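**Student:** My structure is below; once you've seen it, I'll send some questions.
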Amino acid sequence: MTYHLTVNGEPVELAVPGMRRLLDALREDLGLTGTKEGCGEGECGACSVLVDGAVVDSCLVPVCQVDGSTVRTVESLVGPADGRLSPLQEAFLDAGGAQCGICTPGMLMAARAFLDGGGEPTDEAIREAIAGNLCRCTGYTKIIEAIALAAKRER
Amino acid sequence: MTVTTRPIRSEPTVSPAAPSGLVAPVSGEIGVGRADADATPRRREGPEKLTGAAKYADDLVVPGAWYGATIRSTEAHARLLGIDLDPDFDWSKVVVVTAADIPGENVVSLISDDQPALVSTEIRHHAEPVALIAAPDRATLRGARRRIRLRTEPLPAVFDPLESRQQFAHFELAEGDIDAGFAEADLVIEGTYRVGHQEQLYIENQAMIAIPRDDGGVTVQGSLQCPYYIHKALKRALALSGDQAVVVQTETGGGFGGKEEYPSMIAIHAALLARRCGKPVRMIYERHEDLAATTKRHPAIVRYRSGVTHDGRLVAQDIEVIMDGGAYCTLTPVVLSRGTIHAGGPYRCPNVRIRGRAMATNTPPNGAFRGFGAPQTEFAAEMQANRAAEALGISPLELRRRWVYREGDTTPTGQVLRESVGGEEVLERAAEASGFERVRELTRIGRHARTSRQRTASGIGLALAWHGAGFTGSGEVKLASVASIELTHDGRIRVLSASTEMGQGTKTIFPQLVSQELGVPYEAVEIAVPDTSVVPDSGPTVASRTAMVVGGLLIKAARRLRSLVEDATGRTFADSYREYAASHGGARVDQRFEPYPDVSFDDDTYRGDAYPCYGWAAAVAEVDVDLDTGEVAVRHVVAVDDVGKVIHRVLAEGQVEGGTLQAVGYATIEEIKLQDGRYLNDRLATYLIPTAMDAPHISTILVEKPFSGSPHGAKGVGELPMDVGAPAVVAAIHDAVGVWIHDLPASPERILAALAAKGDARAGTRPA
């Protein structure tokens, strides 16, 4: 069966088994290896992507479930024309929000969804927004600072 | 560019029972966002990590690669009688490797050669590698995996280190006269403390890809901390020459010690399979396998007696440390050594005896994890200090003021602390920034005023620690590591070192240090990928030694390169190095470690300078304890660390914040339960680490007491915060609810049990 998705703004046809994990389709069929696998059971959030604007763990989502959906991965965050870092990515770089980097793509997508949601970027709200994304390096401090900084700059 | 690193402040609390005295230091003070573009360049590999372009091992596309898997034991101790392949399965598309197929020595080379790459006769722990399989696709691999049976005969197993008769290592330190010390004491504080396993939980699982080489050797690329450990291990297990074994680090998604020694095992496995099938082989662990099979922090039992006088002097410490090494030696002797040396805590005591031993059990081997033995024993030391303060009726801050090491004091190895002694300063800075005494008075009032309707109790706790900088004893001298700088013929400046980037900032601070020394822009200095065919052996990326030791080597190398060029050209390096490179065909400076002056240690007697200097850390934690559930919320931590010299403020703070949260996890929720030598919670759904909702606000203050032996004064930062977080949290729990939790983690079950045992109606029981 063939599934039709929009991935990072491009229409994509996937002729794969319906139960193939979205994570594998992205990484292996589409070569989008920015999305990472940390646990394969929806605990760590390293594989977070946006499906129709909502954050999902792509390791738990079968391709058949996203037929017709719009998927965004970390690769979509840079400027489409010039490939420059987005304000969110710049903020992570400035504040030190990325250390080993393996949680970073998922963290960025959770942050993107939060910022797009337009909520007040309080410390508590940011913590809640990234509660499904584990980071073992930063103690979250500089990730939270980075998201708050991005909110300020994007305003 | 302005970088803001000011800690986010928590909202002020209104309840008098839950004061929030912990405030961030004022702007302009050390530790607060005062950074400029020149002093703190952006993370070198940051853009790749932020765009998804960075390549971790599992991201690499290797055409024609097969998939490898490990067949593991399901018993803790057994004799291996045979490995049976189901005759009904088509094995033509699968390769199988057993111990008999190992061309070299069947050993994972490390300290002791006791650990086989694959079991040949005796299974010594659950999840031990027994056979390897590889197949061209995952489905075939999965099918084959189910068709292999291990024939075994069970053997009696030992799970308790106290019952074990096999000892991996022991150390004994003595200073003064222990009997005279206890004779002088007015009070003797006794305690037994137990700390359990902790998983490093890097978010990227262990991963290695082996690619056969034309010369009959193998190249492995993977997630790792120590390229030359693996290089040596491959040479021995596969009987390869130095040139035939090549180790290349891929982007590494966290290590924390967990990728110090274990990657040698997985590299050997991938290489054996690649050799057998003649194809590249991917060995990418899933989380479950990674949790079930790889090393953890050593559990420990620490028995402690402290003698103190009525006027608050510490006159005797008698300490016994028993560590559980698991089934094989790994790095256990070195972990035990550090744990033993640090067991007295950062406190002057004239009469000390510390005995440490590490025992074998039939559990998966334990190994390196940030702090490396010190968090285990310093937890006990801090518990004793706090209990002594309680017994003497003085504040834990005041007690530490009296006890903390000062310049000129002597440690249990007979080392005189001559310089860079920051214990007093980190203590005072933490006390000041947290308003420790003021908040403690408020929590005391809150405790006494608490009614049975109030079901949350607040507390504040303090901890202090020291952490030996770099390798223990003569480790660094024996290693004699090398770091190099190359000026290429086409005028590029390149750092060559085996020190790896795993998030802590090696790729940023090395070019930063070198560019400052050469007087060229940060961007002008490149850093080579750690590849054993390219970079020298700079030693392992462990023991917080990268900035201090290897960074120091690079500064010296840069000075030599600068002189070389400037002497030849008569102009500044920046103005003339390209020209010099063109006319001289480039240059390369190799800098080898030279012993620090006046630092000596006797490995046989364990006397002398155990470390060239020490880092010092203090933490103040504020917690809320839920009296109904026993759950602890750590709300705020002030972390103060003397790192000698701050090279890159944002990265250094990041180390302190991350280490502090790992310590908070160790203190509160991270626990491994075992049954018959098997980890029960070997999934991320059951082994929990703190989320952003669990994490406290962390206020970091960096103190700089430089070490004269390194050209920049740096002493390392990575491990320091790991030593203080847990005892600070447990002290805060005591301040809140009046019970001491002797065992880590201070889980809800332990807290409720302690409250019930205390029988304190107001603090511990439900409202009627």
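The values are calculated or read from the model by the stated rules, or taken from the named source; none is laboratory data. Here the structure is a predicted model, which is why all the values come from computation and not from measurement. Cβ: placed from backbone, ideal geometry, glycine included. Neighbour counts: every protein chain shown. When the accessible area is computed, the model is the full protein with side chains, heavy atoms only, and any ligands, DNA or RNA have been set aside. Shrake-Rupley method; radii C 1.70, N 1.55, O 1.52, S 1.80 Å.
**Student:** Within the protein assembly as shown, what percent of beta bridges assigned by DSSP are antiparallel, to the nearest 5?
**Tutor:** 75 percent
**Student:** Residue by residue through B:362-369, how many Cβ atoms from other chains fall within 10 Å of the Cβ on average?
**Tutor:** 0
**Student:** Now for a different question. Near B:Y611, within a Cβ-to-Cβ distance under 10 Å, what is the net charge of the other residues, with Lys and Arg +1 and Asp and Glu -1?
**Tutor:** 0
**Student:** Name the helices (complete DSSP H segments) of chain A with a Cα length along the long axis of 18 Å or more and a Kyte-Doolittle mean of at least 0.5, or state none.
**Tutor:** Helices passing the filter in chain A: A:104-117.
**Student:** Ok, one more. List the accessible area buried at the contact between A and B, summed over both sides and calculated with a 1.4 Å probe, in Å² to the nearest 100.
**Tutor:** Chains A and B together bury roughly 4300 Å² of accessible area.
**Student:** With no solvent and one equal point scatterer per Cα, compute the Debye intensity ratio I(q)/I(0) for region B:186-227 at 0.15, 0.19 Å⁻¹ and report its log10, rounded to two decimals.
**Tutor:** Result of the Debye calculation: -0.64, -0.78.
**Student:** Now, a different point. Once the principal axes of the Cα atoms of region A:2-75 are found, what is the range along each, listed largest first in whole angstroms?
**Tutor:** Principal-axis extents of the Cα atoms in region A:2-75, largest first: 29, 23, 21 Å.
**Student:** On a 1.4 Å probe surface of the protein chains, which of B:I111, B:I209 comes out largest in accessible area, and what is the full order?
**Tutor:** In descending accessible area the options line up as B:I111, B:I209.
**Student:** Turning to a different aspect of this structure: Volume per residue, Å³, of the convex hull around the alpha-carbon atoms of region B:261-307?
**Tutor:** Working: hull volume 4.4 nm³, N = 47.
Once divided by residue count, the hull of region B:261-307 is 93 Å³.
**Student:** Next question, about the same structure. Pick out, from B:G470, A:L60, B:G176, the residue whose Cα sits farthest towards the positive end of the charge dipole of the protein assembly as shown, with +1 on the Cβ of Lys and Arg and -1 on the Cβ of Asp and Glu.
**Tutor:** A:L60
**Student:** Share of Cα-Cα pairs in region B:331-454 beyond 18 Å, in percent?
**Tutor:** Result: 65 percent of Cα pairs exceed 18 Å.
**Student:** Nearest 20 debye, what's the magnitude of the dipole of the protein assembly as shown about its Cα centre given +1 on Lys and Arg Cβ and -1 on Asp and Glu Cβ?
**Tutor:** On the way: 95 positive and 121 negative charges, 57 e Å.
Charge dipole of the protein assembly as shown: 280 debye, to the nearest 20.
**Student:** If you don't mind, another one. Compute and list, largest first, the equivalent-ellipsoid semi-axes of region B:226-289 from the alpha carbon gyration tensor, each √(5λ) rounded to a whole angstrom.
**Tutor:** 20, 15, 10
**Student:** Right, something else. List the residues of region A:58-93 whose accessible area drops by at least 50 Å² when all protein chains are present, compared with their chain alone, using a 1.4 Å probe and counting only protein heavy atoms.
**Tutor:** So the qualifying set is A:L93.
**Student:** State to the nearest 20 debye the size of the charge dipole of region B:45-184 about its Cα centre, where the only charges are +1 on K and R beta carbons and -1 on D and E beta carbons.
**Tutor:** Dipole magnitude for region B:45-184 comes out near 1240 debye.
**Student:** Only four residue types carry charge here, +1 at the Cβ of Lys and Arg and -1 at the Cβ of Asp and Glu. Report the dipole size of region B:411-491 about the Cα centre in Debye, rounded to the nearest 20. Could the numbers behind the result be given before it?
**Tutor:** Numbers: 10 positive and 10 negative charges, 213 e Å.
The dipole of region B:411-491 has a size of about 1020 debye.
**Student:** Hey, another quick one. Region A:87-154: D in µm²/s via Stokes-Einstein (Kirkwood Rh, Cα pairs, 4 °C, 1.567 mPa s)?
**Tutor:** 114 µm²/s
**Student:** Right, next: When only alpha-carbon atoms count, how far does region B:398-477 stretch along each of its three principal axes, as whole angstroms with the largest first?
**Tutor:** Dimensions of region B:398-477 along the principal axes of its Cα atoms: 61, 22, 21 Å.
**Student:** Taking each residue of A:124-130 in turn, how many C-beta atoms of other protein chains fall within 10 Å of its C-beta, and what is the average?
**Tutor:** Taking the mean over all residues of the peptide, I get 3.
**Student:** Where a ≥ b ≥ c are the square roots of the eigenvalues of the C-alpha gyration tensor, would you call the protein assembly as shown rounded, which needs a/c under 1.5, or, failing that, prolate if a/b is larger than b/c, or oblate?
**Tutor:** Numbers: a/c = 1.25, a/b = 1.23, b/c = 1.02.
Since a/c stays below 1.5, the shape of the protein assembly as shown is classed as rounded.
**Student:** Tell me, what is the 1.4 Å probe accessible area of B:F159, in Å² to the nearest 10?
**Tutor:** Number for this one is 80 Å².
**Student:** May I ask you to work out the translational diffusion coefficient for region B:304-350 at 4 °C, viscosity 1.567 mPa s, via Stokes-Einstein with Rh from the Kirkwood sum over Cα pairs, reported in whole µm²/s?
**Tutor:** Working: Rh = 12.5 Å.
Here the translational diffusion coefficient equals 104 µm²/s.
**Student:** Among B:P540, B:T572, B:S484, whose Cα sits farthest toward the positive end of the charge dipole of region B:481-592 (+1 at Cβ of Lys/Arg, -1 at Cβ of Asp/Glu, about the Cα centre)?
**Tutor:** Sorting the options by dipole projection puts first B:P540.
**Student:** P(r) for chain B: what percent of alpha-carbon pairs falls in each 20 Å bin, starting at zero?
**Tutor:** 17, 48, 30, 5, 0
**Student:** Counting Lys and Arg as +1 and Asp and Glu as -1, what is the net charge of the other residues whose Cβ lies under 14 Å from the Cβ of A:L85?
**Tutor:** For residues surrounding A:L85, the net value is -1.
**Student:** Provide the descending list of Cα extents for region B:504-621 along its principal axes, expressed in whole angstroms.
**Tutor:** Principal extents (Cα only, largest first): 54, 38, 30 Å.
**Student:** Using Cα centres only, tell me the gap between region B:273-296 and region B:684-716 in whole Å.
**Tutor:** Cα centres, region B:273-296 to region B:684-716: 31 Å.
**Student:** Sticking with this one: Where Rh denotes the Kirkwood radius from the mean inverse Cα pair distance, what is Rg over Rh for chain A?
**Tutor:** 0.97
**Student:** While we're here: Please average, across the residues of A:105-117, the number of beta carbons from any other chain that are within 10 Å of each residue's own beta carbon, and give a whole number.
**Tutor:** That works out to 1 on average.
**Student:** Next up: How much of the DSSP bridge set in region B:481-592 is antiparallel, in percent, rounded to the nearest 5?
**Tutor:** Expressed as a percentage, antiparallel bridges in region B:481-592 total about 75.
**Student:** How big is the C-alpha Rg of region B:305-391 next to the rule-of-thumb value 2.2 N^0.38 Å, as a ratio?
**Tutor:** 1.20
**Student:** Okay, next question. What number comes out for accessible area per residue over chain B if the probe is 1.4 Å? Units Å², please.
**Tutor:** Per residue, chain B has an accessible area of 34 Å².
**Student:** Please list log₁₀ I(q)/I(0) at q = 0.19, 0.30 Å⁻¹ for region B:703-752, using the Debye equation with identical point scatterers on the alpha-carbon positions.
**Tutor:** -0.67, -1.13
**Student:** Could you tell me which of the pairs B:K49/B:K507; B:K235/B:K507; B:K49/B:K232; A:K36/B:K715; B:K235/B:K259; B:K93/B:K259 are separated by over 24 angstrom between their Cα atoms in the structure shown?
**Tutor:** Correct reply: B:K235/B:K507; B:K49/B:K232; A:K36/B:K715; B:K93/B:K259.
**Student:** Choose one of B:A449, B:M323, B:H288: the residue whose Cα lies farthest towards the positive end of the charge dipole of the protein assembly as shown (beta-carbon charges +1 Lys, Arg; -1 Asp, Glu; about the Cα centre).
**Tutor:** The Cα lying farthest towards the positive end belongs to B:H288.
**Student:** Rounded to the nearest 500, what is the 222 nm mean residue ellipticity of the protein assembly as shown from helices alone, with -39500 (n - 2.57) per DSSP H run of 4+ residues and division by all residues?
**Tutor:** Mean residue ellipticity, 222 nm, calculated: -9000 deg cm²/dmol.
**Student:** Once ligands and nucleic acids are excluded and a 1.4 Å probe is used, how much of B:C226 is accessible, expressed in Å² to the nearest 10?
**Tutor:** 0 Å²
**Student:** Further question on the same structure: Ignoring everything but the protein chains, give the 1.4 Å probe accessible area of B:S164 in square angstrom, nearest 10.
**Tutor:** Result for B:S164: roughly 20 Å² accessible.
**Student:** With both partners inside chain B, how many of the DSSP beta bridges are antiparallel, as a percent to the nearest 5?
**Tutor:** Roughly 75 percent of the DSSP beta bridges within chain B come out antiparallel.
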